[in-house]
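Down below is the structure, laid out as structure tokens.
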Amino acid sequence: MADEWASGAEQIQSAVEALLRFHTSRRMHLSRAAAAGVPLNDSAYVVLRYLSRRGPSSAAALAKNTSTQLATTYRAIDQLLADGYVVRVHDRPRSPVALSSSGEEAIRRLSLVTVRHLDAVLAAWNPDDRERFAGLLTAFVRDAAAMSDTLASSPHAAQAS
């Protein structure tokens, strides 16, 4: 346990968990959506964001890749279709969906709100600290993603030594 404290791993774990709770909270999503003028629930936002990053996708692939229940994904797609944010790739039910121009604009507005929020949060930081933080956070995310498969390979790693 002392090694984790010495390395800062527990403090980082706590900070990452708090950041994820805050960023994915319903309240934060509703505030972001309202500020952007994009009335989407959080499930529809997840689908829209995925499509903006990965391109057209089927409901099954969306559910799998966003860790969302298939029924929830279908409801989100139905909402996005009704609101004009996505279109069917082919003219048949249940074909893959893609962002429409309205969906691209919605993502642009949501991203702008997020960037402005981050700018406000970091306003008091000096430019060198902002740049260093961006580099460290980017490296942390990259390395954590690269090592995510190793969690399952060491089932007894959490046991006290």
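The values are calculated or read from the model by the stated rules, or taken from the named source; none is laboratory data. As the structure is a prediction and not an experimental result, all values here were calculated from the model. Here the Cβ positions follow ideal geometry from the backbone for every residue, glycine too, while neighbour counts run over all protein chains shown.
The table that follows gives values for the structure above.
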| read-out | value |
| --- | --- |
| Unmet requirement for residue 90, which otherwise passes all of (1) assigned to a loop (DSSP other than H, G, I, E, B); (2) closer than 13 Å to residue 48 by Cβ | (2) |
| Verdict on residue 82 being assigned to a helix (DSSP H, G or I), under 18 Å from the mean Cα position of the chain (by Cα) and not hydroxyl-bearing (Ser, Thr, Tyr) | no |
| The stretch 90-116 - residue that is under 20 Å from residue 70 (Cα atoms) and small (Gly, Ala, Ser) and, of those, modelled with the lowest pLDDT | 95 |
| Verdict on residue 142 being of a type in the set (D, E, K, R), modelled with pLDDT under 95 and assigned to a helix (DSSP H, G or I) | yes |
| Subset tally (residues that are buried (at least 17 other Cβ atoms within 10 Å of the Cβ) and small (Gly, Ala, Ser)) for the stretch 30-51 | 4 |
| Test result for residue 100, touching a residue at least 12 places away in the same chain (Cβ under 8 Å), under 18 Å from residue 38 (Cα atoms) and more than 16 Å from the chain's Cα centre (by Cα) | yes |
| Meets criteria (exposed (fewer than 14 other Cβ atoms within 10 Å of the Cβ), at pLDDT 95 or above and among the hydroxyl-bearing types (Ser, Thr, Tyr)) for residue 154 | no |
| Scope the stretch 74-97; condition surrounded by 14 or more Cβ atoms within 10 Å (Cβ to Cβ) and under 19 Å from residue 38 (Cβ atoms); matching residues | 75, 76, 77, 79, 80, 81, 83, 85, 86, 87, 97 |
| Test for residue 106: is it in contact (Cβ under 8 Å) with a residue 24 or more places away in the chain, crowded, with 16+ Cβ neighbours inside 10 Å and touching a Phe, Trp or Tyr at 6+ places or on another chain (Cβ under 6 Å) | yes |
| Options 87, 38: the member that is modelled with pLDDT under 95 and of a type in the set (A, V, I, L, M) | 38 |
